[in-house]
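> Take a look at the following structure, please.
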Amino acid sequence: VSRVLELYHDTEIVQASAFTKVRRKVRWFYVGDRCQIFVACLIMGNFLTNIFEAQFAAEPGSSTASIFDNIDIAFTIIFTIELCINMFATLVREFIIDGWNWFDVVVVLVSLLSLGMSNLPGADILRLMRCFRVFRLFKRIPSLRQIIVALSASVPPMINAFALVCLVTAIYAIMSVTFYRKIDPEYFG
């Protein structure tokens, strides 16, 4: 420690700007477990609301539909604020590198578009995309993230197994056509 202090003894200490100090505090708050658990609970609440909305299938203009629309507006505003806090806390480089942040941006933008352009043809499809907010939990909960990594790692071996099954099926199809062509030409001819 003393060698490091002697080495940098004449070096001027750079003071952090007020912006950097605020950003560090916001980052500490945002990355903390309490905030992440709160956001995960919001995501689950939004998912449950989407389930209830689909189950009730309220007629447009009814009081039930109005309640669900107001809840959706509230969740969209909350998730937009959460995305802005994430952008501010992580700034540009770290935010852009994380693929889950891109997913968050797409989901929030789709939610904002579905709110702003409700009379647009295909707006129902945009509203359906709101259900994908629940996938944001994979970013928040490490054990879910491990499951996704394991599933994505299992895709190439599964493709190989599928190709092998297709190859064996094709071989048996060729053999059956060859063997039974003369017996039943209607099916094997």
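The values are calculated or read from the model by the stated rules, or taken from the named source; none is laboratory data. Computed from a predicted structure; not experimentally measured. FYI the Cβ positions are ideal-geometry reconstructions off the backbone, even for glycines, and counts take in every protein chain you see. Areas reflect the complete protein model, heavy atoms only, side chains present, ligands, DNA and RNA absent. Shrake-Rupley method; radii C 1.70, N 1.55, O 1.52, S 1.80 Å.
> Listed residues PRO142, PRO156; which is more than 29 Å from THR76 (Cα to Cα) and open to solvent by 60 Å² or more (accessible area, probe 1.4 Å)? Let's see the steps before the verdict.
Values: PRO142 fails: more than 29 Å from THR76 (Cα to Cα).
Of the residues listed, the single one that is more than 29 Å from THR76 (Cα to Cα) and open to solvent by 60 Å² or more (accessible area, probe 1.4 Å) is PRO156.
> Can you tell me which of PHE179, PHE138, PHE79, PHE162 is modelled with pLDDT of 85 or more and touching a helix residue (DSSP H, G or I) at 6+ places or on another chain (Cβ under 6 Å)?
Numbers: PHE179 fails: touching a helix residue (DSSP H, G or I) at 6+ places or on another chain (Cβ under 6 Å); PHE138 fails: modelled with pLDDT of 85 or more; PHE162 fails: touching a helix residue (DSSP H, G or I) at 6+ places or on another chain (Cβ under 6 Å).
None of the other options fit; the residue is PHE79.
The rows are residues; the columns are (1) under 22 Å from the mean Cα position of the chain (by Cα); (2) in contact (Cβ under 8 Å) with a residue 60 or more places away in the chain; (3) farther than 20 Å from GLN36 by Cβ.
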| residue | (1), (2), (3) |
| --- | --- |
| THR80 | yes, no, no |
| PHE88 | yes, yes, no |
| TRP100 | yes, no, no |
| ILE125 | yes, no, yes |
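> Give the residue that is nearest to ASN50 (Cα to Cα), with candidates limited to residues of region 70-115 that are open to solvent by 60 Å² or more (accessible area, probe 1.4 Å) and not hydrophobic (A, V, I, L, M, F, W, C).
Among them, the one singled out is ASN70.
> Could you please give the count of residues in region 171-185 that are in a loop (DSSP other than H, G, I, E, B) and open to solvent by less than 80 Å² (accessible area, probe 1.4 Å)? Spell out how you get there, then give the answer.
The first filter runs over region 171-185 and keeps only residues in a loop (DSSP other than H, G, I, E, B), leaving 181-184.
Among the residues that remain, those that are also open to solvent by less than 80 Å² (accessible area, probe 1.4 Å) are: 184.
Going through region 171-185 one residue at a time, the tally reaches 1.
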